[in-house]
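*Asks:* Questions regarding the structure given below will be posed in turn.
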Amino acid sequence: MIDTKEKQEKLILVGIAQEDVDEAIASLEELEELADTAGAFTLELFLQSREQPHPGTYLGSGRIKELKERIEALDADGIVCDDELTPAQMRNLSDLLETKVLDRSLLILDIFAGRAATHEGRIQVELAQLRYRATRLTGRGVSLSRLGGGIGTRGPGESKLETDRRAIHRRIGVLKAELEEVVRHREQQREKRRFGTVPVAAIVGYTNAGKSTLLNTLTGAGILAEDKLFATLDPTTRMLALPGGEEILLTDTVGFIRKLPHHLIEAFKSTLEEAKYADLILHVVDASGPRMKSQMETVYQTLRDLGVEDQPIITVFNKCDRPLGDAMLYDSQADETVRISALKKEGLEDLKALISRVLQDQKVYIDRILPYADAAAAARIRRYGSVLEESYEENGIHIRAYVPKAIAGESEGKN
Ligand SMILES: Nc1nc2c(ncn2[C@@H]2O[C@H](COP(=O)(O)OP(=O)(O)OP(=O)(O)O)[C@@H](O)[C@H]2O)c(=O)[nH]1
Ligand SMILES: [Mg+2]
């Protein structure tokens, strides 16, 4: 991600503590990781306690003066505010501070732009970036022009981001149409998978929790896993064989983070929605991290926002090879929990057994007579279900079995 031709930007990170100072500091520290991932160097953290961000300037006027002095003293290239700024706040701050002003959303968008590898990923990122820009280029608010180059101006791939307002709106139209096409194709694939009735488990979790490492460990998927935020953007799906011989599809996808920009959620909806159509959610948690609880809360909030509500959840407490913090490893929102180390390959058998069990619980009991002509249905039940009894009778095959809901629905009404 770090472009060696560009000089590393030195930034001051600015946050507001509303009630909980620890929470605000944790959020700023995470912003520092984001800045690092985007290739910038953090000079210092600058926190103001305020009930609300100032509606016009984010910070109060006294603190703005102080911040300006710090910018000069440290020779900073710019600042990053920990919340998404309104167009007015961004314009006013950059006028008052006479420096480059970024916000958390721009930073995340910039990282995504550097990560997007597939056609779909690129469209989604560019769309999110342009929508963010479109609101900031109205009226005389060309505050983005002060960005110069570097963070906040990089498009996906090598492309340079549009700065002309009318051109932006035109491009948004083109991208939207392209994305709809890609999404339609993807939904068709999803339908095909459904029809195949192999259950799908979606791996979700906070960024850097170890989702890709888990998929790699379980299936040898060979996808990039690294100690950076948002290493994965595009969904990867692999087959996993469970101890009972049953097979499932595992999908790894983009991680969540607090204050995920809504433009990104909007643009990445089809990717994020992988979880919505899954039969089972594997919620991977970094159990060794100091922010475990608030990260889990963010994940659940994001899942609710995406309308993921009905699926069973297995919470996978990962990185248990490391010293764990004081927090208790339990999760009242999950159906089951398990402790593992994806890196050291510990606890994987327990996890697989748990997946089998939860999927088994998902199955429904059927007691049916299938006409002999419908041999395919019987074969599917044998393949994907657990048969309790099978006998050949005058009018067909009598089967009692536990089967996935999809299969139960399929042969319904035929008995
Ligand atoms: N100690 C330890 N480190 C782990 C474990 N699992 C993953 N990691 C490390 O955690 C970092 C992040 O792992 P990833 O698998 O990329 O995490 P991710 O959830 O896919 O992250 P994003 O794709 O960025 O959202 C990597 O440096 C891994 O080596 C584990 O069980 N123990
Ligand atoms: Mg990943």
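The values are calculated or read from the model by the stated rules, or taken from the named source; none is laboratory data. In this text, all values refer to a predicted model and were calculated from it rather than measured experimentally. Ideal geometry is used to build each Cβ from the backbone, glycine not excepted, and the neighbour counts take in all protein chains shown.
*Asks:* Test K259 against the criterion of being at positive phi and either more than 16 Å from ligand 2 (Cβ to nearest atom) or in contact with a strand residue (DSSP E or B) (Cβ under 9 Å, 6 or more places away or on another chain) (or both), and give yes or no.
*Replies:* Considered against the rule, which asks whether it is at positive phi and either more than 16 Å from ligand 2 (Cβ to nearest atom) or in contact with a strand residue (DSSP E or B) (Cβ under 9 Å, 6 or more places away or on another chain) (or both), K259 comes out as yes.
*Asks:* Among the listed residues L109, L147, L161, which satisfies the condition of being modelled with pLDDT of 85 or more and either surrounded by 20 or more Cβ atoms within 10 Å (Cβ to Cβ) or not assigned by TED's automatic domain parsing to the domain that holds Q89 (or both)?
*Replies:* L109
*Asks:* Further, regarding this structure: Please work out if E273 is closer than 30 Å to V387 by Cβ, more than 8 Å from ligand 1 (Cβ to nearest atom) and among the acidic types (D, E). Quick ask: steps written out before the conclusion?
*Replies:* On the way: closer than 30 Å to V387 by Cβ: no; more than 8 Å from ligand 1 (Cβ to nearest atom): yes; among the acidic types (D, E): yes.
Answer is no for this residue.
*Asks:* Would you mind finding the one in K211, K228 that is basic (K, R), surrounded by 13 or more Cβ atoms within 10 Å (Cβ to Cβ) and modelled with pLDDT of 90 or more?
*Replies:* Checking each option against the conditions leaves just K211.
*Asks:* Further, regarding this structure: Looking at region 248-255, is at least one residue in a loop (DSSP other than H, G, I, E, B), within 12 Å of ligand 1 (Cβ to nearest atom), of a type in the set (A, V, I, L, M) and modelled with pLDDT under 85?
*Replies:* For region 248-255, residues in a loop (DSSP other than H, G, I, E, B), within 12 Å of ligand 1 (Cβ to nearest atom), of a type in the set (A, V, I, L, M) and modelled with pLDDT under 85: absent.
*Asks:* Please determine whether any residue of region 87-104 is surrounded by 24 or more Cβ atoms within 10 Å (Cβ to Cβ) and either aromatic (F, W, Y) or touching a His at 6+ places or on another chain (Cβ under 9 Å) (or both).
*Replies:* Scanning region 87-104, I find no residue that is surrounded by 24 or more Cβ atoms within 10 Å (Cβ to Cβ) and either aromatic (F, W, Y) or touching a His at 6+ places or on another chain (Cβ under 9 Å) (or both), so the answer is no.
*Asks:* Oh, and also: Which residue pairs have Cβ atoms closer than 6 Å, lie 6 or more positions apart in sequence or on different chains, and pair a first residue in region 225-236 that is more than 8 Å from ligand 2 (Cβ to nearest atom) with a second residue that is assigned to a strand (DSSP E or B)?
*Replies:* Pairs found: P235/T251; T236/D252.
*Asks:* Condition test on T135, is it among the hydroxyl-bearing types (S, T, Y) and modelled with pLDDT of 75 or more?
*Replies:* Yes.
*Asks:* Another one. Out of (1) at pLDDT 90 or above; (2) more than 26 Å from the chain's Cα centre (by Cα); (3) surrounded by fewer than 19 Cβ atoms within 10 Å (Cβ to Cβ), what's the single condition that is false for A379?
*Replies:* (1)
*Asks:* What residue, among those in region 177-193 that are surrounded by 14 or more Cβ atoms within 10 Å (Cβ to Cβ) and of a type in the set (D, E, K, R), is modelled with the lowest pLDDT?
*Replies:* Filtering first and then ranking leaves R193.
*Asks:* In region 296-323, how many are at positive phi and within 16 Å of the chain's Cα centre (by Cα)?
*Replies:* Looking only at that region, the number is 1.
*Asks:* Quick one: in region 302-328, of everything that is outside any loop (DSSP other than H, G, I, E, B) and away from ligand 1 (no atom under 16 Å from the Cβ), which residue is surrounded by the fewest Cβ atoms within 10 Å (Cβ to Cβ)? Give the derivation first.
*Replies:* If we filter region 302-328 for residues that are outside any loop (DSSP other than H, G, I, E, B), which is where we start, we get 302-305, 313-318.
This time we only want the ones that are away from ligand 1 (no atom under 16 Å from the Cβ), so: 304-305, 313.
On the way: R304: 10, D305: 13, I313: 22.
The residue in question is R304.
*Asks:* Please go through region 21-75 and give me each residue that is within 28 Å of N208 (Cα to Cα), in contact with a strand residue (DSSP E or B) (Cβ under 6 Å, 6 or more places away or on another chain) and of a type in the set (D, E, K, R), ordered by number.
*Replies:* E32, E44
*Asks:* Further question: Please go through region 342-377 and pick out each residue that is in contact with a Ser or Thr (Cβ under 9 Å, 6 or more places away or on another chain) and among the small types (G, A, S).
*Replies:* Matches in region 342-377: A342, G347, A377.
*Asks:* State all residues of region 280-293 that are away from ligand 1 (no atom under 16 Å from the Cβ) and either in contact (Cβ under 8 Å) with a residue 40 or more places away in the chain or closer than 20 Å to L250 by Cβ (or both); if no residue qualifies, say none.
*Replies:* We begin by selecting, within region 280-293, every residue away from ligand 1 (no atom under 16 Å from the Cβ); these are 280, 293.
Of everything in region 280-293, just one residue is away from ligand 1 (no atom under 16 Å from the Cβ) and either in contact (Cβ under 8 Å) with a residue 40 or more places away in the chain or closer than 20 Å to L250 by Cβ (or both), namely L280.
*Asks:* Search region 214-224 for residues being more than 8 Å from ligand 2 (Cβ to nearest atom) and β-branched (V, I, T), and hand back the single one that is surrounded by the most Cβ atoms within 10 Å (Cβ to Cβ).
*Replies:* It comes out as T217.
*Asks:* Hey, can you tell me all the residues within region 338-356 that are modelled with pLDDT of 95 or more, surrounded by fewer than 18 Cβ atoms within 10 Å (Cβ to Cβ) and within 14 Å of P312 (Cα to Cα)?
*Replies:* None; the set is empty.
*Asks:* For a quick check of your reading: which helices (runs of 4 or more DSSP H) sit entirely within region 52-140 and have at least 1 residues that are more than 28 Å from the chain's Cα centre (by Cα) and within 26 Å of E23 (Cα to Cα)?
*Replies:* Answer list for region 52-140: 61-74, 87-97.
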